[in-house]
1. Do we find a residue being outside any helix (DSSP H, G or I) and surrounded by fewer than 11 Cβ atoms within 10 Å (Cβ to Cβ) anywhere in segment 8-20?
2. So which pairs qualify, if the first residue must be in segment 5-33 and within 21 Å of residue 72 (Cα to Cα), the second must be of a type in the set (Gly, Ala, Ser), the Cβ gap must be under 6 Å, and the two must be at least 6 apart or on different chains?
3. Which residue is surrounded by the most Cβ atoms within 10 Å (Cβ to Cβ), if the candidates are limited to segment 38-55 and must be β-branched (Val, Ile, Thr) and in a helix (DSSP H, G or I)?
4. Kindly indicate which of 30, 59 is of a type outside the set (Gly, Ala, Ser), surrounded by 12 or more Cβ atoms within 10 Å (Cβ to Cβ) and within 12 Å of the chain's Cα centre (by Cα).
5. Looking at segment 56-76, which of its residues are hydroxyl-bearing (Ser, Thr, Tyr) and in a helix (DSSP H, G or I)?
Amino acid sequence: MKDIQPIFEWALQNGDVKVIDRICIKLLPVMLENNIQLTEALIKNCDSIDVADTLYDEVLKMAVSLVGKPYDTHQEAEYV
């Protein structure tokens, strides 16, 4: 299990105001398959959101695609 909260924090700081909504909408089928329901409010209010490694990878790939720059996993500690 990995925490996707830092990815959302990074995307919010580096992307546009609707980037969290876009990530969630693009990954909705995958999240529904994994019985995960995320909203922007929930994401902003949670300290951590642990998901399976495969879903973490999907969220990371989509966030990087929408933000348009690489995600530095070494900076992840700053967002936690």
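Each reported figure results from applying straightforward, stated rules to the coordinates on display, with no laboratory input. What you are looking at is a predicted structure, and each value in this text was computed from that prediction instead of being measured. So basically every Cβ, Gly included, is an ideal-geometry build from the backbone, and we count neighbours across all protein chains shown.
1. yes
2. Between residues of segment 5-33 that are within 21 Å of residue 72 (Cα to Cα) and residues that are of a type in the set (Gly, Ala, Ser), the close pairs are 5/48; 7/63; 11/63; 19/11; 23/63.
3. 43
4. Answer to the check: 59.
5. 56, 65, 73
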